[in-house]
Amino acid sequence: MTDGKEDIKLNIQQGLPLLLLPGMMCDARLFQPQISALSGRCPLVTAPIGGHDTMQALAAEILNYAPPRFALAGLSMGGILAMEVLRQAPDRVDRIALLDTNPLAELPEVQDRRAPQIEAVKTGELSRVMRENMMPNYLANDTLDSPILDLCLTMALDLGPEVFVNQSLALRDRPDQCDTLRQFTGPALVICGRQDTLCPIERHEMMHHLLPNSRLQIVDGAGHLPTLEQPEITTAALIRWLEDT
(Lines give C-alpha, C1' and ligand atoms only; values in the text may rest on other atoms or scores of the structure.)
Protein backbone atom coordinates (compact mmCIF):
# COMPACT_ATOMS: atom_id res chain seq x y z
CA MET A 1 0.00 0.00 0.00
CA THR A 2 1.04 3.63 -0.48
CA ASP A 3 0.06 6.73 1.45
CA GLY A 4 -2.01 9.51 -0.12
CA LYS A 5 0.97 11.68 -1.05
CA GLU A 6 2.61 8.84 -3.00
CA ASP A 7 -0.68 8.18 -4.82
CA ILE A 8 -0.88 11.85 -5.85
CA LYS A 9 2.71 11.81 -7.15
CA LEU A 10 1.99 8.61 -9.09
CA ASN A 11 -1.01 10.31 -10.71
CA ILE A 12 1.17 13.26 -11.76
CA GLN A 13 3.86 11.00 -13.16
CA GLN A 14 1.62 8.67 -15.13
CA GLY A 15 -1.73 10.33 -15.61
CA LEU A 16 -3.05 13.79 -16.31
CA PRO A 17 -1.46 15.58 -19.28
CA LEU A 18 -0.48 19.24 -18.89
CA LEU A 19 -1.32 21.51 -21.84
CA LEU A 20 0.81 24.68 -21.99
CA LEU A 21 -0.34 27.74 -23.96
CA PRO A 22 2.32 30.43 -24.59
CA GLY A 23 1.89 34.20 -24.75
CA MET A 24 1.71 36.47 -27.78
CA MET A 25 4.53 35.85 -30.26
CA CYS A 26 5.97 33.10 -28.08
CA ASP A 27 6.17 29.35 -28.49
CA ALA A 28 7.04 26.42 -26.23
CA ARG A 29 10.42 28.00 -25.45
CA LEU A 30 8.55 30.33 -23.08
CA PHE A 31 8.07 27.27 -20.83
CA GLN A 32 11.44 25.61 -21.42
CA PRO A 33 12.48 25.61 -17.73
CA GLN A 34 9.13 24.12 -16.75
CA ILE A 35 9.23 21.55 -19.55
CA SER A 36 12.67 20.44 -18.39
CA ALA A 37 11.53 20.13 -14.78
CA LEU A 38 8.14 18.52 -15.42
CA SER A 39 8.95 16.18 -18.30
CA GLY A 40 9.55 13.30 -15.91
CA ARG A 41 6.45 14.06 -13.82
CA CYS A 42 3.57 14.24 -16.30
CA PRO A 43 2.77 14.09 -20.03
CA LEU A 44 3.29 17.52 -21.60
CA VAL A 45 1.51 19.06 -24.59
CA THR A 46 2.35 22.44 -26.09
CA ALA A 47 0.36 24.29 -28.71
CA PRO A 48 1.21 27.01 -31.24
CA ILE A 49 -1.45 29.72 -31.27
CA GLY A 50 -1.64 31.75 -34.43
CA GLY A 51 -3.55 29.94 -37.13
CA HIS A 52 -6.82 31.86 -36.59
CA ASP A 53 -7.80 35.44 -35.77
CA THR A 54 -10.41 34.83 -33.05
CA MET A 55 -10.07 33.32 -29.59
CA GLN A 56 -13.04 31.11 -30.31
CA ALA A 57 -11.44 29.53 -33.37
CA LEU A 58 -8.04 29.19 -31.69
CA ALA A 59 -9.64 27.38 -28.75
CA ALA A 60 -11.68 25.09 -30.99
CA GLU A 61 -8.52 24.07 -32.85
CA ILE A 62 -6.69 23.30 -29.61
CA LEU A 63 -9.59 21.17 -28.42
CA ASN A 64 -9.48 19.19 -31.66
CA TYR A 65 -6.09 17.68 -30.77
CA ALA A 66 -5.92 18.09 -26.98
CA PRO A 67 -6.19 15.00 -24.76
CA PRO A 68 -9.69 14.05 -23.62
CA ARG A 69 -9.01 15.54 -20.17
CA PHE A 70 -6.05 17.67 -19.14
CA ALA A 71 -4.54 20.25 -16.83
CA LEU A 72 -4.33 23.62 -18.57
CA ALA A 73 -1.81 26.43 -18.06
CA GLY A 74 -1.43 29.63 -20.06
CA LEU A 75 0.63 32.80 -19.79
CA SER A 76 -0.55 36.20 -21.02
CA MET A 77 -2.38 35.60 -24.32
CA GLY A 78 -2.04 31.90 -23.53
CA GLY A 79 -3.99 32.50 -20.33
CA ILE A 80 -6.67 34.41 -22.21
CA LEU A 81 -6.92 31.52 -24.65
CA ALA A 82 -6.96 29.01 -21.76
CA MET A 83 -10.06 30.75 -20.40
CA GLU A 84 -11.77 30.38 -23.79
CA VAL A 85 -10.80 26.69 -23.89
CA LEU A 86 -12.34 26.37 -20.43
CA ARG A 87 -15.49 28.17 -21.58
CA GLN A 88 -15.92 25.84 -24.55
CA ALA A 89 -15.08 22.57 -22.79
CA PRO A 90 -15.27 22.86 -18.98
CA ASP A 91 -15.77 19.10 -18.68
CA ARG A 92 -12.34 18.44 -20.24
CA VAL A 93 -10.31 20.81 -18.06
CA ASP A 94 -9.34 19.16 -14.78
CA ARG A 95 -7.48 22.20 -13.41
CA ILE A 96 -6.26 25.56 -14.67
CA ALA A 97 -3.24 27.79 -14.07
CA LEU A 98 -3.39 31.41 -15.26
CA LEU A 99 -0.11 33.33 -15.40
CA ASP A 100 0.22 37.08 -15.96
CA THR A 101 -3.01 37.36 -17.88
CA ASN A 102 -6.35 39.15 -18.03
CA PRO A 103 -9.96 37.85 -17.95
CA LEU A 104 -11.48 41.09 -19.24
CA ALA A 105 -12.34 42.20 -22.76
CA GLU A 106 -9.80 44.57 -24.26
CA LEU A 107 -10.16 48.25 -23.40
CA PRO A 108 -10.96 50.62 -26.30
CA GLU A 109 -7.71 52.55 -25.87
CA VAL A 110 -5.73 49.33 -26.18
CA GLN A 111 -7.79 48.25 -29.18
CA ASP A 112 -6.95 51.54 -30.87
CA ARG A 113 -3.24 50.76 -30.68
CA ARG A 114 -3.63 47.49 -32.56
CA ALA A 115 -4.25 48.88 -36.06
CA PRO A 116 -1.00 50.87 -36.38
CA GLN A 117 0.99 47.92 -35.07
CA ILE A 118 -0.68 45.55 -37.53
CA GLU A 119 -0.02 47.87 -40.45
CA ALA A 120 3.62 48.28 -39.46
CA VAL A 121 4.11 44.52 -39.18
CA LYS A 122 2.48 43.96 -42.57
CA THR A 123 5.08 46.29 -44.10
CA GLY A 124 8.03 44.40 -42.67
CA GLU A 125 8.51 46.06 -39.29
CA LEU A 126 7.88 43.12 -36.98
CA SER A 127 11.28 43.43 -35.33
CA ARG A 128 10.82 47.15 -34.66
CA VAL A 129 7.31 46.69 -33.27
CA MET A 130 8.51 43.95 -30.95
CA ARG A 131 11.50 45.97 -29.75
CA GLU A 132 9.69 49.29 -29.32
CA ASN A 133 6.10 48.37 -28.40
CA MET A 134 6.17 44.92 -26.85
CA MET A 135 9.44 43.92 -25.25
CA PRO A 136 10.00 47.00 -23.04
CA ASN A 137 6.99 45.87 -20.99
CA TYR A 138 8.11 42.30 -20.41
CA LEU A 139 10.68 42.17 -17.61
CA ALA A 140 11.01 43.36 -14.04
CA ASN A 141 14.48 44.57 -15.00
CA ASP A 142 13.79 47.11 -17.75
CA THR A 143 17.09 46.65 -19.57
CA LEU A 144 16.82 45.74 -23.23
CA ASP A 145 20.14 43.88 -23.02
CA SER A 146 18.84 40.55 -21.75
CA PRO A 147 19.05 36.93 -22.95
CA ILE A 148 15.33 36.62 -22.18
CA LEU A 149 14.50 39.49 -24.55
CA ASP A 150 16.82 38.02 -27.17
CA LEU A 151 14.79 34.81 -26.93
CA CYS A 152 11.51 36.74 -27.14
CA LEU A 153 12.62 38.45 -30.33
CA THR A 154 13.81 35.16 -31.81
CA MET A 155 10.48 33.49 -31.06
CA ALA A 156 8.57 36.40 -32.60
CA LEU A 157 10.63 36.44 -35.78
CA ASP A 158 10.35 32.66 -36.09
CA LEU A 159 6.54 32.89 -35.83
CA GLY A 160 6.36 35.77 -38.31
CA PRO A 161 4.00 38.58 -39.35
CA GLU A 162 0.90 36.49 -40.10
CA VAL A 163 0.83 35.12 -36.57
CA PHE A 164 1.27 38.64 -35.16
CA VAL A 165 -1.73 39.87 -37.14
CA ASN A 166 -3.92 36.91 -36.19
CA GLN A 167 -3.03 37.16 -32.53
CA SER A 168 -3.56 40.92 -32.45
CA LEU A 169 -7.06 40.57 -33.88
CA ALA A 170 -7.92 37.71 -31.51
CA LEU A 171 -6.81 39.77 -28.52
CA ARG A 172 -8.62 42.87 -29.74
CA ASP A 173 -11.96 41.11 -30.10
CA ARG A 174 -11.80 38.71 -27.15
CA PRO A 175 -14.79 38.25 -24.81
CA ASP A 176 -14.92 38.85 -21.07
CA GLN A 177 -14.36 35.57 -19.20
CA CYS A 178 -15.31 36.47 -15.63
CA ASP A 179 -18.37 34.19 -15.69
CA THR A 180 -16.22 31.36 -17.01
CA LEU A 181 -13.94 31.64 -13.99
CA ARG A 182 -16.82 31.90 -11.52
CA GLN A 183 -18.23 28.59 -12.73
CA PHE A 184 -15.00 26.56 -12.54
CA THR A 185 -14.59 24.60 -9.31
CA GLY A 186 -11.44 22.59 -10.08
CA PRO A 187 -8.01 23.36 -8.62
CA ALA A 188 -6.81 26.73 -9.94
CA LEU A 189 -3.55 28.63 -9.68
CA VAL A 190 -3.12 32.34 -10.38
CA ILE A 191 0.47 33.56 -10.80
CA CYS A 192 1.64 37.14 -11.29
CA GLY A 193 5.08 38.71 -11.41
CA ARG A 194 5.16 41.45 -8.80
CA GLN A 195 6.53 43.95 -11.35
CA ASP A 196 4.14 43.04 -14.17
CA THR A 197 2.92 46.31 -15.69
CA LEU A 198 0.92 44.73 -18.51
CA CYS A 199 -1.27 42.56 -16.26
CA PRO A 200 -0.92 43.99 -12.75
CA ILE A 201 -1.43 42.27 -9.42
CA GLU A 202 -4.92 43.73 -8.96
CA ARG A 203 -6.15 41.83 -12.02
CA HIS A 204 -4.83 38.59 -10.59
CA GLU A 205 -6.39 39.22 -7.20
CA MET A 206 -9.66 39.59 -9.06
CA MET A 207 -9.19 36.24 -10.84
CA HIS A 208 -8.26 34.62 -7.53
CA HIS A 209 -11.53 35.84 -6.01
CA LEU A 210 -13.55 34.77 -9.06
CA LEU A 211 -12.20 31.21 -9.01
CA PRO A 212 -13.84 29.25 -6.15
CA ASN A 213 -10.90 26.88 -5.58
CA SER A 214 -7.78 28.93 -6.33
CA ARG A 215 -4.37 29.79 -4.95
CA LEU A 216 -2.65 33.12 -5.69
CA GLN A 217 1.13 33.35 -6.03
CA ILE A 218 2.92 36.67 -6.46
CA VAL A 219 6.45 36.15 -7.80
CA ASP A 220 9.05 38.60 -6.57
CA GLY A 221 11.71 39.66 -9.03
CA ALA A 222 9.51 38.98 -12.06
CA GLY A 223 7.54 41.08 -14.49
CA HIS A 224 5.37 39.65 -17.26
CA LEU A 225 7.40 36.47 -17.87
CA PRO A 226 7.93 34.65 -14.54
CA THR A 227 8.45 31.32 -16.32
CA LEU A 228 11.78 32.70 -17.58
CA GLU A 229 12.56 35.42 -15.03
CA GLN A 230 12.02 33.26 -11.93
CA PRO A 231 11.76 29.71 -13.31
CA GLU A 232 12.37 27.80 -10.08
CA ILE A 233 9.68 29.65 -8.12
CA THR A 234 7.22 29.35 -11.00
CA THR A 235 7.89 25.65 -11.51
CA ALA A 236 7.50 24.92 -7.80
CA ALA A 237 4.10 26.65 -7.80
CA LEU A 238 3.00 24.61 -10.81
CA ILE A 239 4.09 21.37 -9.16
CA ARG A 240 2.08 22.18 -6.02
CA TRP A 241 -0.92 22.94 -8.22
CA LEU A 242 -0.54 19.66 -10.11
CA GLU A 243 -0.47 17.81 -6.79
CA ASP A 244 -3.65 19.50 -5.51
CA THR A 245 -6.68 17.26 -5.12
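Just a few scattered comments:
- Failed item in (1) of a type outside the set (Asp, Glu); (2) surrounded by fewer than 24 Cβ atoms within 10 Å (Cβ to Cβ); (3) under 13 Å from the mean Cα position of the chain (by Cα), with Leu63 passing the rest: (3)
Each row is one residue, and each column tells you yes or no for (1) buried (at least 18 other Cβ atoms within 10 Å of the Cβ); (2) free of Cβ contacts under 8 Å to residues at least 60 places away in the same chain; (3) under 30 Å from Asp91 (Cβ atoms); (4) not assigned by TED's automatic domain parsing to the domain that holds Thr123.
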position: Pro147; (1), (2), (3), (4): no, yes, no, no
position: Asp179; (1), (2), (3), (4): no, yes, yes, yes
position: Phe184; (1), (2), (3), (4): yes, no, yes, yes
position: Leu189; (1), (2), (3), (4): yes, no, yes, yes
position: Thr197; (1), (2), (3), (4): no, no, no, yes
position: Leu216; (1), (2), (3), (4): no, yes, yes, yes
position: Thr227; (1), (2), (3), (4): yes, no, yes, yes
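- One residue alone among Leu98, Leu139 is touching a helix residue (DSSP H, G or I) at 6+ places or on another chain (Cβ under 8 Å), closer than 26 Å to Pro231 by Cβ and at pLDDT 95 or above, and that residue is Leu98.
- When Gly193 is tested against (1) crowded, with 16+ Cβ neighbours inside 10 Å; (2) small (Gly, Ala, Ser); (3) more than 16 Å from the chain's Cα centre (by Cα), just one condition goes unmet, and that condition is (3).
- Pair list, Cβ under 7 Å, 6 or more apart: the stretch 36-52 residue touching a residue at least 40 places away in the same chain (Cβ under 8 Å) and assigned by TED's automatic domain parsing to the domain that holds Arg69, other residue of a type in the set (Asp, Glu) and not in a loop (DSSP other than H, G, I, E, B): Gly51/Glu61; His52/Glu61
- Only listed residue being out of contact with any Cys (no Cβ under 8 Å at 6 or more places or on another chain) and at positive phi, chosen from Gly74, Gly79, Gly160: Gly160
- Set side by side, the residues Gly193, Gly160 differ, and just one is more than 19 Å from Asp27 (Cα to Cα), in contact with a Leu (Cβ under 9 Å, 6 or more places away or on another chain) and either not assigned by TED's automatic domain parsing to the domain that holds Arg29 or not aromatic (Phe, Trp, Tyr) (or both), which is Gly193.
- Condition check for Phe31: outside the structural domain of Met134 (by TED's automatic domain parsing), among the hydrophobic types (A, V, I, L, M, F, W, C), farther than 28 Å from Met134 by Cα and at pLDDT 95 or above: no
The values are calculated or read from the model by the stated rules, or taken from the named source; none is laboratory data. Predicted, not measured: the structure shown is a model, and the values here were computed from it. Heads up, the Cβs are rebuilt from the backbone with ideal geometry, glycines too, and the neighbour counts pull from every protein chain shown.
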